[in-house]
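Everything on this sheet refers to the single structure shown next.
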Amino acid sequence: MLVVHVHVHVKPEWVTAFKTATLANARASLQEPGVARFDVQQQQEDPTRFVLVEAYRTPDAPAAHKATAHYAVWRDTVAPMMAEPRSAVKFTHLFPPDDQ
């Protein structure tokens, strides 16, 4: 399983709109066969900072996710909300086992 942490810094005036758009994208993403999890985290100390934790079942699933209509809507909607470009870090899932 591939896990991607997407770090996002949003302009303060866009936090509520970003959360609305991102939660809609997360809900739709969970319907994709290649998506095992799609978590949205907001930092407590700085509510303009978010981490999206995306867990994919296959190496091809991230590309399939980025080809969906809901991802395109999210990407285009949140682009002007960014305080800086988002970044991503990829991880290999180790535990718990995928079948749990």
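Taking the range 39-57 and a reference point 7 angstrom along Cα→Cβ of HIS93, the backbone N atoms nearer than 19 Å belong to 39-41, 51-57.
Size descriptors for the range 2-92: radius of gyration and Dmax over Cα atoms are 12.5, 36 Å.
Take the Cα of ALA17, step 7 Å toward its Cβ, do the same at VAL4, and the gap between the two points is 2.4 nm.
Values quoted throughout were computed directly from the atomic coordinates according to the rules given, and no laboratory measurement underlies them. Computed from a predicted structure; not experimentally measured. When we count neighbours, we look across all protein chains shown, and the Cβ atoms used for this are built from the backbone with ideal geometry, even at glycine.
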